[in-house]
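> Structure below; questions to follow.
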Amino acid sequence: MTGDLFTGLARDPSMETLTEGALLLRAFVDEDEAIRLMAAIDTVLEASPLRHMQTPGGFRMSVAMSNCGRYGWVTDRRGYRYQSRDPLVERDWPAMPSLFAALAGRAAAAAGFAGFDPDACLINRYEPAARMSLHQDKNELDMTQPIVSVSLGLPATFLFGGMARTDKPQRMRLESGDVVVWGGPARLAFHGIDPLREGEHALTGRCRYNLTFRRAR
Ligand code: SIN
Ligand code: FE2
């Protein structure tokens, strides 16, 4: 059991199956690793700052985003895609920190997906009221590779649905250190995040960070 520096509450790691191919690894990241991850996020964001991207339909996303790794996920009026350059600073995305890749591989293996080697890490920052509507991650080439999604900071309500947008999603609270992995038959499951509630977290302040690891190419 690891004590939590921030809340004083202890959380035991545990694993929960959401559906075949989808697992929630609670408290997979302990507070020491969370602190190291946040420091690495800050370093990445110095090179490629957070920005609110535009959807193809012209809406400003409420979640602020950046990327690291060989490819970064972007959206603008031209559509959703991966590209090796950060369009904001007009340089390649920062390299993926080795502790990011190691965590992604460890979490994927724990969920039954050995050998996951992500080439893309999307960094999402939610401030209160920011949300992500139900969507599928489907801009990647190799659908045999899972998605690994790490939560840091303020808690959020995660929606995990089925293969159709209209399938009623399960709702679960994700806390700092929780990791969700989905792949195989669940790879194209619809998922999203409810509007973030107001709060303050010792690790991140008034926000939640999410790292989404993917094999893009
Ligand atoms: C995403 O689907 O890109 C983000 C999910 C999350 O923030 O947990
Ligand atoms: Fe997603």
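> How many percent of the accessible area of the chain is carbon or sulfur, using a 1.4 Å probe?
Of all accessible area on the chain, carbon and sulfur atoms account for 50 percent.
> What is the extension gain from F59 to D167, computed as 0.36 nm multiplied by their sequence separation minus the C-alpha to C-alpha distance, in nm to one decimal?
Details: separation 108, 0.36 × 108 = 38.88 nm, distance 2.49 nm.
Contour length minus Cα-Cα distance gives 36.4 nm.
> For T17 and D42, what does the FRET efficiency come to when R0 = 41 Å and r is the distance between their Cβ atoms, rounded to the nearest 0.05?
0.75
> At what distance in nm do the modelled label points of R131 and T157 sit from each other, each positioned 7 Å from its Cα along Cα→Cβ?
Calculated label separation equals 0.9 nm.
> Given a 1.4 angstrom probe, what's the average accessible area per residue across segment 19-60, in square angstrom? Each step should come with its number before you reach the end.
Values: 2020 Å² over 42 residues.
Value returned for segment 19-60: 48 Å² of accessible area per residue.
> Let me see the pair-distance distribution of the chain: every alpha carbon pair, 10 Å bin width, integer percents in order.
8, 36, 41, 14, 1
> Right, here's the next one. Could you give me D for segment 5-114, from Stokes-Einstein at 4 °C and 1.567 mPa s, where the hydrodynamic radius is the Kirkwood radius over C-alpha pairs? Units µm² s⁻¹, please.
80
> Can you work out the accessible area per residue across segment 71-114, with the rest of the protein chains kept in place, probe 1.4 Å, in square angstrom? Mind showing how you got there, number by number?
On the way: 2290 Å² over 44 residues.
Accessible area per residue: 52 Å².
> Can you give me the long-range amide H partners of A130? Hydrogens built in the peptide plane at 1.01 Å from N, cutoff under 5 Å, separation of 5 or more residues or another chain.
Hits under the 5 Å cutoff: L196.
The values are calculated or read from the model by the stated rules, or taken from the named source; none is laboratory data. On a predicted model such as this, the values are computed, not experimentally measured, just so you know. Ideal geometry is used to build each Cβ from the backbone, glycine not excepted, and the neighbour counts take in all protein chains shown. These area figures cover heavy atoms from the full protein model, side chains too; ligands, DNA and RNA do not enter into them. Shrake-Rupley method; radii C 1.70, N 1.55, O 1.52, S 1.80 Å.
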